[in-house]
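Worksheet for the structure shown next.
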Amino acid sequence: IAEVGVTPAALGDLIRLVDAGTLSNTVAKAVFEQMDGAGRAAADIVAEQGLAQVSDDGVLRGVVAGVLADPKVKEVAVTRKGLRIVWQAAEGRRGEHLLLRQCMFDDAHVSADSLRYLLSRLDEVSATASSVDQVIAA
């Protein structure tokens, strides 16, 4: 411990945050690296950077419900491997699909504004999901 730039009391505080479920082991390692030699308390780093876990999945459900409120969003999946939003970019001609099982799209492009919107929604879900310790697929 003498070689590490973290006092035993500060290390104990970090361990208590993990035991209380406030931090995951992975986040605790990152906080420890920031504490090393800086003389900063773990709780201060966690509060400053918003690193505390949220064990209430209702927070994520609310964000996902907000994303799903867009009628073009067909699916939102939040997994340990990443995020996925299925968004309807265009609507095909129904008659051709029913008769020929083929779809033609008159306007099959995604505008830059639509892409920015989708990326901002992914960022919103990602930020919320990273603080929630349960994986939810909606």
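The values are calculated or read from the model by the stated rules, or taken from the named source; none is laboratory data. The model shown is predicted, which means the values in this text are computed figures rather than measured ones. Backbone-built Cβ (ideal geometry, glycine too); neighbour counts: all protein chains shown.
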- Task: Write out, first by first residue and then by second, each pair whose Cβ atoms fall under 7 Å of each other, whose residues are 6+ apart or on separate chains, and whose first residue, in segment 6-27, is free of Cβ contacts under 8 Å to residues at least 24 places away in the same chain while the second is part of a helix (DSSP H, G or I) and surrounded by 13 or more Cβ atoms within 10 Å (Cβ to Cβ).
- Result: Val18/Ala28; Asn25/Val18
- Message: So if I check each of Ala69, Ala65, which one is farther than 26 Å from Thr22 by Cβ and at pLDDT 80 or above?
- Response: Ala69
- Query: Does segment 111-131 include one or more residues that are modelled with pLDDT under 75 and farther than 30 Å from Ala28 by Cβ?
  - Reply: no
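Of everything in segment 15-32, what is surrounded by fewer than 11 Cβ atoms within 10 Å (Cβ to Cβ) and either not polar (S, T, N, Q) or not in a helix (DSSP H, G or I) (or both)? Give them in sequence order.
If we filter segment 15-32 for residues that are surrounded by fewer than 11 Cβ atoms within 10 Å (Cβ to Cβ), which is where we start, we get 19-20, 25-26.
Answer for segment 15-32, where residues must be surrounded by fewer than 11 Cβ atoms within 10 Å (Cβ to Cβ) and either not polar (S, T, N, Q) or not in a helix (DSSP H, G or I) (or both): Asp19, Ala20.
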- Message: Could you check segment 61-93 and list, in sequence order, the residues that are surrounded by 14 or more Cβ atoms within 10 Å (Cβ to Cβ) and touching a residue at least 60 places away in the same chain (Cβ under 8 Å)?
- Response: Arg61, Val63, Val64, Leu68, Val76, Ala77, Val78
- Query: Can you tell me which residue in segment 33-74 is farthest from Leu122 (Cα to Cα), limited to those that are in a loop (DSSP other than H, G, I, E, B) and basic (Lys, Arg)?
  - Reply: Arg40
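Of the residues in segment 61-73, how many are in contact with a helix residue (DSSP H, G or I) (Cβ under 9 Å, 6 or more places away or on another chain) and of a type outside the set (Asp, Glu)? Spell out the reasoning first.
Residues of segment 61-73 that are in contact with a helix residue (DSSP H, G or I) (Cβ under 9 Å, 6 or more places away or on another chain), as a first pass: 62-64, 66-67, 70, 72-73.
Of the ones still in play, those that are also of a type outside the set (Asp, Glu) are 62-64, 66-67, 72-73.
Adding up the residues that qualify gives 7.
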